[in-house]
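In what follows, a structure is listed as C-alpha cells, so that the remarks can point back to it.
The values are calculated or read from the model by the stated rules, or taken from the named source; none is laboratory data. As the structure is a prediction and not an experimental result, all values here were calculated from the model. Here the Cβ is made from the backbone with ideal geometry for all residues, glycine too, and neighbour counts use every protein chain on show. The protein model used for the area step is the full one, side chains on, heavy atoms only, and it has no ligands, DNA or RNA in it. Shrake-Rupley method; radii C 1.70, N 1.55, O 1.52, S 1.80 Å.
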Amino acid sequence: MTIALGTALALLVLWWALRFLPAGAEGRLPLPYLIALIPFLWIPALLLAVVAVVLGCWPLAVAAVVLAMIVALRVPLHRLSLRETSRETKRETYRETHPETSDTAARGYGEQSDALITVMTLNCRFGRADADAIMDAVRAHDVDVLALQELTADLVGALDAAGIRNVLPHRQLGEDRPTDNGGFNGLWTRLAPVAAASSSAQIPAADVPMIVASPTRNGQPADAPDSVIAFASAHTKSPMRGCRAWSQGIVGLGRLALQRATVVLGDLNCGIDHPSFRKLLAAGFRDASMSALRKPMVSFPSWLAWPRIELDHVLISGGIDAERVETLTIHGSDHLATVAALRIR
C-alpha cells in the first residue's frame, strides 16, 4: 500500500511539473488539458494525504500536504510570472529614464492626466450569446471597447438591432472564413479610430481584428498625436482543433506587444500554467487579472460556480495598468464575459 501511495504521489508531482515544459512542448494531446487541470491537483493530493495518515505513512502524508498547498496556494506561480515578465518591467523603466528611445505608444503619457477606459471580452459560443444581454452589460458597465469571439453574421445583425452602433459606433470585424474556430472575431468601440485592420497577427486561427484609437482624458481625446492604443480581439484554436496550431497561435500574439501600447482581449484557450502562455507574457504582455487581483480569472464553463478554468484574458502592454477585473454571466454563452477597467498613463 505504501508503494501504491508513493507511486500515486509521484504521478501527481509529474503532472504538476508539466507546467515547466518548454513553450511549445505542451502542444501534444492530452498535455494542454492536463496542464489546464493543474489548479485542481490539490484535491487528489489531499485525498492521498488523508489515506496516508490513516495508514500511518507520515512521510507520504507530509509530502502530499506540501504538494496540495503548493497547488492550492499557487506558491511558485507569482514568482515565475514576475521573473518571466521582468523584461517588460525593464523596458518600462528604460523608457522612463531614456525617453528618446521609447516607442510611439509610450510617448505622450508622462505629464498628462490619466485616462480610464473599460473593456469587455466574451466568447459568444458559435454566435448563440444573447445580443440584448451583451448590450445590457455594455451599458451597465459603460464599456468603451467590446471584443467578441465566435461571432456569426446573425449575431452581428442582432447586435445592430439591439442598438450597439448608438453606444459603440466604430467597429472592425475579422473575415468570416470556413477555417475559423467557432466563428470570426470582432471589435466595437466608442473611441474614434486612428487606424483599423481586419487581421493584425498571422496566427493559425481566426483573424485578429485590431482598432488603433486615442484614449480620452477627462472626457476629451488625448492631445498627443502618438498617444494611441491598439485593441485586438483574438481567439486561438482549441487544442482539439490542432495542438501545434494552438501553441503557435498563443505565442504568435506576442508580436503585438512589440508594436505599441496594446490591449489583447479574447479567448486564448490557455492559462498561466501553460508554458506557451507564459512565453506570450514574456514577450511584453501583462495579464490584467494577475496585475489587479494577483490571481488568474476563471471564466469557463459559465454554468458551473466551481470548478472553472482560465481561458479568457485581457492582456496589456506599455503604459497601461489594470485597476479592476470582474466576470459576468451572459445568457447563451458557455464563457463568462470578462470586464476590466484600465488606466492609461
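I'm checking my understanding of the structure. Among residues of the stretch 30-61 that are farther than 30 Å from Ser276 by Cα and in contact (Cβ under 8 Å) with a residue 12 or more places away in the chain, which one is most open to solvent (accessible area, probe 1.4 Å)? Spell out the reasoning first.
Residues of the stretch 30-61 farther than 30 Å from Ser276 by Cα: 47-61.
When the remaining residues are screened for being in contact (Cβ under 8 Å) with a residue 12 or more places away in the chain, the result is 48-49, 51-52, 55, 57, 60-61.
Numbers: Leu48: 29, Ala49: 6, Val51: 57, Ala52: 1, Leu55: 86, Cys57: 19, Leu60: 40, Ala61: 5 Å².
The extreme case among them is Leu55.
Can you pull out every residue in the stretch 292-317 that is open to solvent by less than 10 Å² (accessible area, probe 1.4 Å), touching a residue at least 40 places away in the same chain (Cβ under 8 Å) and not β-branched (Val, Ile, Thr)? Before the answer, list the steps.
First, pick out the residues of the stretch 292-317 that are open to solvent by less than 10 Å² (accessible area, probe 1.4 Å): 299, 312-317.
With the extra rule that they be touching a residue at least 40 places away in the same chain (Cβ under 8 Å), the set shrinks to 312-317.
Result: Asp312, His313, Leu315, Ser317.
Tell me, which residue of the stretch 196-220 that is open to solvent by 20 Å² or more (accessible area, probe 1.4 Å) and under 16 Å from Leu168 (Cα atoms) is modelled with the lowest pLDDT?
For the stretch 196-220, the residue satisfying everything is Gly219.
Within the stretch 287-345, work out how many residues are in a loop (DSSP other than H, G, I, E, B), within 11 Å of the chain's Cα centre (by Cα) and modelled with pLDDT of 95 or more.
Total meeting the criteria: 4.
Can you tell me how many residues in the stretch 1-22 are among the polar types (S, T, N, Q) and free of Cβ contacts under 8 Å to residues at least 40 places away in the same chain?
Our first condition is that a residue be among the polar types (S, T, N, Q); within the stretch 1-22, this holds for 2, 7.
Still in the running and free of Cβ contacts under 8 Å to residues at least 40 places away in the same chain: 7.
Going through the stretch 1-22 one residue at a time, the tally reaches 1.
Working carefully through the options Val143, Val156, find the one that is under 24 Å from Ala340 (Cα atoms), at pLDDT 95 or above and part of a loop (DSSP other than H, G, I, E, B). Give the derivation first.
Working: Val156 fails: part of a loop (DSSP other than H, G, I, E, B).
Exactly one residue qualifies, and that residue is Val143.
Among the residues of the stretch 12-36, count how many are farther than 17 Å from Leu311 by Cα and in a helix (DSSP H, G or I).
8
If you go through the stretch 227-236 one residue at a time, do you hit one that is within 22 Å of the chain's Cα centre (by Cα), at pLDDT below 95 and part of a loop (DSSP other than H, G, I, E, B)?
Among the residues of the stretch 227-236, at least one is within 22 Å of the chain's Cα centre (by Cα), at pLDDT below 95 and part of a loop (DSSP other than H, G, I, E, B), which makes the answer yes.
Test each condition in (1) touching a Gly at 6+ places or on another chain (Cβ under 7 Å); (2) surrounded by fewer than 21 Cβ atoms within 10 Å (Cβ to Cβ); (3) under 22 Å from Leu148 (Cβ atoms) for Thr179 and report the one that comes out false.
With respect to (1) touching a Gly at 6+ places or on another chain (Cβ under 7 Å); (2) surrounded by fewer than 21 Cβ atoms within 10 Å (Cβ to Cβ); (3) under 22 Å from Leu148 (Cβ atoms), Thr179 is out only on (1).
Table: residues versus (1) over 17 Å from Asp154 (Cβ atoms); (2) touching a residue at least 24 places away in the same chain (Cβ under 8 Å); (3) assigned to a loop (DSSP other than H, G, I, E, B); (4) touching a strand residue (DSSP E or B) at 6+ places or on another chain (Cβ under 7 Å).
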site: Glu175; (1), (2), (3), (4): no, yes, yes, yes
site: Pro178; (1), (2), (3), (4): no, no, yes, no
site: Gly182; (1), (2), (3), (4): no, yes, yes, yes
site: Trp188; (1), (2), (3), (4): no, yes, no, yes
site: Leu191; (1), (2), (3), (4): yes, yes, yes, yes
site: Val194; (1), (2), (3), (4): yes, yes, no, yes
site: Gln202; (1), (2), (3), (4): yes, yes, yes, no
site: Val208; (1), (2), (3), (4): yes, yes, yes, yes
site: Ile211; (1), (2), (3), (4): yes, yes, no, yes
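Is at least one residue of the stretch 262-280 touching a residue at least 60 places away in the same chain (Cβ under 8 Å), among the acidic types (Asp, Glu), open to solvent by less than 30 Å² (accessible area, probe 1.4 Å) and under 28 Å from Arg345 (Cβ atoms)?
yes
Tally up the residues in the stretch 152-182 that are aliphatic (A, V, I, L, M) and under 15 Å from Ile211 (Cβ atoms), please.
Here is the first cut: in the stretch 152-182, the ones aliphatic (A, V, I, L, M) are 153, 155-156, 158-159, 161-162, 164, 167-168, 173.
Checking the rest, the ones that are also under 15 Å from Ile211 (Cβ atoms) come to 164, 168, 173.
Of the residues in the stretch 152-182, 3 are aliphatic (A, V, I, L, M) and under 15 Å from Ile211 (Cβ atoms).
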